[in-house]
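Read through the structure below, which is laid out as structure tokens, and then see the notes.
The values are calculated or read from the model by the stated rules, or taken from the named source; none is laboratory data. Since this is a predicted model, take the numbers as computed values, not measurements. Because the Cβ atoms are built from the backbone with ideal geometry, glycine has one as well, and the counts that use them run over all protein chains shown.
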Amino acid sequence: MNPALVATLLKYAVMFGVFINVAPIMNWVERRACAYIQDRPGPNRVGPLGLFQPLADAAKFMFKEDVTPAAADKLLYLMAPVLALLPAFTTFVIIPFGPDLTVGGRTIPLVVAPVDTGVLLFLALSSLAVYSLVLAGYASNNKFSLLGGIRASAQLISYELALTLSVLAVLLPVNSFRLADIVAYQQTHVWNFIPQILGFFVFLVASFAETNRLPFDLPEAESELIAGFHTEYSAMRFAAFFQAEYTNMAALAALGVTLFFGGWSLPGVHLGGWLGAIVGLVTLIAKLCVCMAVFVWVRWTFPRFRYDQLMRLGWKVLLPLSILNLILVAAMTLAGWL
Amino acid sequence: MSSVPISWYLMLAALLFAIGTVGALTRRNGISIFLSIELMLNAANLTLVAFSRQMGDRTGQLIVFFVMAVAAAEAAVGLALFIAVFRARRTIDVNRLNLMRG
Amino acid sequence: METFIFLIFAALAVVSSLVVVMHRSPVYATMSLVVTLFSVAVLFVLLGAPFLGALQILIYAGAIVVLFLFVIMLLNLQKEGEAAGRWRGQLWVAIPGALIFIGMVGLVFWRQGAPDLQPLTPDLVSLKGLATALFTDYLLPFEIVGLLLLVAVIGATVAARRAPDAADGSGPLPREDFVAEETARKEARP
């Protein structure tokens with residue numbers, strides 16, 4: 001077999017292993033953290049500290065009755081959870097997780113897809129997440145689901161612009177779309193979130209909106225539209241949406257970490273070979289954990305945005321801020337400060 | 001040397017263009033006509049990129065860039081016009097939108 | 001390998017474009033268009049234009065088609081009914097016409113032989129080269145397209161607005177009698 005193909009498959013297996021475990025771990029973390037914030041114990045019956053709760057949830061999802069609404073559009077109804085998983089499991093292929101590895105005479109970059117259009121590919125694939133929301137809402141033949149779906153897609157496309165512009169500002173001093181180049185730049189200069197703090201702020205808020213997390217989770221608001229666009233989904237289909245949401249969060253967090261916090265690199269640490277690769281992967285996972293903790297912390301702290309407040313924030317506040325950030329970073333790059 | 005000759009790409013583009021033309025001519029729903037027009041634009045884009053590859057010139061790719069931007073602008077304005085027409089006439093059926101006829 | 005990928009995605013593009021053109025439900029046609037756009041994006045990458053492939057997904061599949069879906073759901077478009085008898089002849093004319101068109105194109109290329117594609121040079125594929133050309137040789141079209149997009153945004157916003165003085169009071173400005181009532185009520189309160 002083509003050795004490059006083997007290498008790519010192995011790298012994808014590693015990244016897949018990391019990202020598919022996000023959902024069950026986050027399930028436990030979310031419930032225990034929210035319980036801690038709300039001053040109650042949280043799940044503590046299933047195993048020590050409730051650590052086997054995700055297993056119990058998985059068993060529940062598998063055995064629950066699978067109900068399909070009678071007048072639902074069957075094909076679109078079945079396709080929506082699958083479409084939700086598509087961007088989740090394809091966007092992380094451009095995230096580098098270590099320095100270049102030299103195996104048997106050939107140098108392997110530790111990215112599943114070391115393409116020239118790195119970040120652009122991430123943005124392109126993550127923009128496909130809109131479809132699952134809209135189709136789930138439309139196909140469920142339920143007014144509340146449809147409303148949830150349309151609101152979700154409007155929210156997603158509005159915040160995509162601010163996200164893209166804040167990412168674009170990071171690319172200016174680096175002159176490249178590849179995330180490996182961005183990490184290399186941050187190894188020689190200070191981490192990007194310090195000179196581009198405005199861009200980081202815009203990225204943070206936009207990523208909350210892109211992943212439908214509180215304070216922007218009106219599409220799946222539990223107290224507003226029953227459960228929004230996934231009202232009519234039960235059992236494994238709901239588990240698919242659940243998994244897709246957490247994996248999307250993790251992928252976007254990985255992108256944010258790579259763009260603003262140095263990715264797999266630690267300042268002052270320059271290991272090579274297999275040890276460097278493992279340390280890089282562990283560093284990336286650790287930074288991911290911090291990011292996910294922030295996601296959970298914000299969720300259980302802030303109230304939800306109303307739909308008009310949400311749209312106003314996206315178009316009238318974040319978009320001008322991200323354009324301002326782009327101009328500032330361009331000026332700083334021209335002045336030679338970056 | 002690529003193993004796929006350029007004529008395959010051009011025939012595929014011609015086929016897509018022809019399918020888009022059939023759609024634009026036979027559908028009654030205004031939105032479906034629009035979708036067929038997008039299909040035709042994509043076929044043209046594919047032809048441009050194929051020729052750009054064959055001649056080793058980057059101009060074709062740049063023209064595709066502009067075609068995509070123009071297609072986006074056209075889709076936005078066209079759909080806004082459809083919404084306005086729907087509000088006035090309550091239908092998108094192009095057979096019934098014949099106020100200016102004769 | 002490359003032939004294999006080309007054949008798969010070319011077949012996918014043709015089948016999904018047929019569904020776009022023939023399916024009666026607008027939502028299904030739109031989703032098939034997404035599949036077509038995806039296949040064409042893969043073909044762009046095969047032809048050595050990965051930037052255009054990513055742009056195709058980002059702009060076409062990620063924004064334009066979403067706009068289509070929005071409008072379809074906003075207008076609540078139903079499946080098209082059966083074509084009335086008078087129009088069915090149109091299909092019998094259109095399809096042979098399309099086949100003749102393809103035949104003519106095919107004839108041109110079978111006559112000329114099938115020239116092989118030039119090998120991919122890093123220069124052709126490079127993003128830097130594309131960007132440099134865009135901002136030096138093609139700066140004027142670039143700026144004009146920016147202006148065009150601005151005009152399109154303004155035009156779309158204006159075209160889709162409700163008239164401010166609509167008779168059914170559905171405009172963004174409040175009706176005059178309502179304003180008068182509220183003013184009178186506010187003045188009545190000390």
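Scan the stretch B:1-57 residue by residue and report those that are at pLDDT 90 or above and polar (S, T, N, Q).
Correct list: B:32, B:36, B:42, B:45, B:47.
Out of B:33, B:6, report the one residue that is hydrophobic (A, V, I, L, M, F, W, C), more than 7 Å from chain C (Cβ to nearest Cβ) and out of contact with any strand residue (DSSP E or B) (no Cβ under 8 Å at 6 or more places or on another chain).
None of the others qualify; the one that does is B:33.
What is the number of the single condition among (1) at the interface with chain A (Cβ under 10 Å from one of its Cβ atoms); (2) among the polar types (S, T, N, Q); (3) closer than 20 Å to residue B:44 by Cβ that residue C:32 does not meet?
Here residue C:32 meets the rest and fails (1).
Residue B:71 is checked against (1) touching an Asp or Glu at 6+ places or on another chain (Cβ under 7 Å); (2) on the phi > 0 side of the Ramachandran plot and fails just one. What number does that condition carry?
With (1) touching an Asp or Glu at 6+ places or on another chain (Cβ under 7 Å); (2) on the phi > 0 side of the Ramachandran plot applied to residue B:71, the lone miss is (2).
Count, please, the residues in the stretch B:10-30 that happen to be closer than 17 Å to residue C:43 by Cα, out of contact with any Ser or Thr (no Cβ under 6 Å at 6 or more places or on another chain) and more than 7 Å from chain C (Cβ to nearest Cβ).
So the answer is 1.
Looking at B:72, B:76, B:80, which is the one that is at the interface with chain C (Cβ under 8 Å from one of its Cβ atoms) and surrounded by fewer than 20 Cβ atoms within 10 Å (Cβ to Cβ)?
Exactly one residue qualifies, and that residue is B:72.
So residue B:44 passes all but one of these: (1) closer than 30 Å to residue C:134 by Cα; (2) at the interface with another protein chain (Cβ under 7 Å from one of its Cβ atoms). Which condition number does it fail?
(2)
Scanning the stretch A:71-122 for residues that are more than 23 Å from the chain's Cα centre (by Cα) and of a type in the set (S, T, N, Q), which turns out surrounded by the fewest Cβ atoms within 10 Å (Cβ to Cβ)?
Checked the stretch A:71-122; the qualifying residue surrounded by the fewest Cβ atoms within 10 Å (Cβ to Cβ) is A:107.
The rows are residues; the columns are (1) buried (at least 21 other Cβ atoms within 10 Å of the Cβ); (2) more than 8 Å from chain C (Cβ to nearest Cβ); (3) of a type in the set (Ser, Thr, Tyr); (4) touching a residue at least 60 places away in the same chain (Cβ under 8 Å).
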{"position": "B:39", "(1), (2), (3), (4)": "yes, no, no, no"}
{"position": "B:64", "(1), (2), (3), (4)": "yes, no, no, no"}
{"position": "B:85", "(1), (2), (3), (4)": "no, yes, no, no"}
{"position": "B:89", "(1), (2), (3), (4)": "no, yes, no, no"}
{"position": "B:92", "(1), (2), (3), (4)": "yes, no, no, yes"}
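Please list, ordered by first then second residue, the pairs with beta carbon atoms under 9 Å, 6 or more apart or interchain, first in the stretch A:269-286 and closer than 17 Å to residue A:258 by Cβ, second of a type in the set (Ser, Thr, Tyr).
A:269/A:283; A:280/A:265; A:283/A:265; A:284/A:258
For the stretch C:35-55, give me the residue count where each residue is within 14 Å of the chain's Cα centre (by Cα) and either facing chain B (nearest Cβ under 7 Å) or hydroxyl-bearing (Ser, Thr, Tyr) (or both). Explain how you work it out, then say what you get.
Our first condition is that a residue be within 14 Å of the chain's Cα centre (by Cα); within the stretch C:35-55, this holds for C:35-38, C:40-41, C:55.
So of that shortlist, the ones also either facing chain B (nearest Cβ under 7 Å) or hydroxyl-bearing (Ser, Thr, Tyr) (or both) come out as C:36-37, C:40, C:55.
Residues flagged as within 14 Å of the chain's Cα centre (by Cα) and either facing chain B (nearest Cβ under 7 Å) or hydroxyl-bearing (Ser, Thr, Tyr) (or both) within the stretch C:35-55 amount to 4.
Going by what's in this entry, would residue A:266 be described as surrounded by fewer than 18 Cβ atoms within 10 Å (Cβ to Cβ) and farther than 28 Å from residue A:172 by Cβ?
no
Taking residue A:7 as meeting all but one of (1) crowded, with 17+ Cβ neighbours inside 10 Å; (2) within 23 Å of the chain's Cα centre (by Cα), write down the number of the exception.
It fails just one condition, (2).
Any idea which residue in the stretch B:47-62 is farthest from residue C:128 (Cα to Cα), counting only those that are facing chain C (nearest Cβ under 8 Å) and of a type in the set (D, E, K, R)?
Step by step, filter the stretch B:47-62, then rank; the result is B:53.
Taking the condition surrounded by fewer than 17 Cβ atoms within 10 Å (Cβ to Cβ) and more than 25 Å from residue A:86 (Cβ to Cβ), does residue A:290 pass?
So residue A:290 fits the description; yes.
Residues that are at pLDDT 75 or above and not β-branched (Val, Ile, Thr): find the helices (runs of 4 or more DSSP H) completely inside the stretch C:72-166 holding 2 or more of those.
Result: C:88-112, C:127-136, C:139-159.
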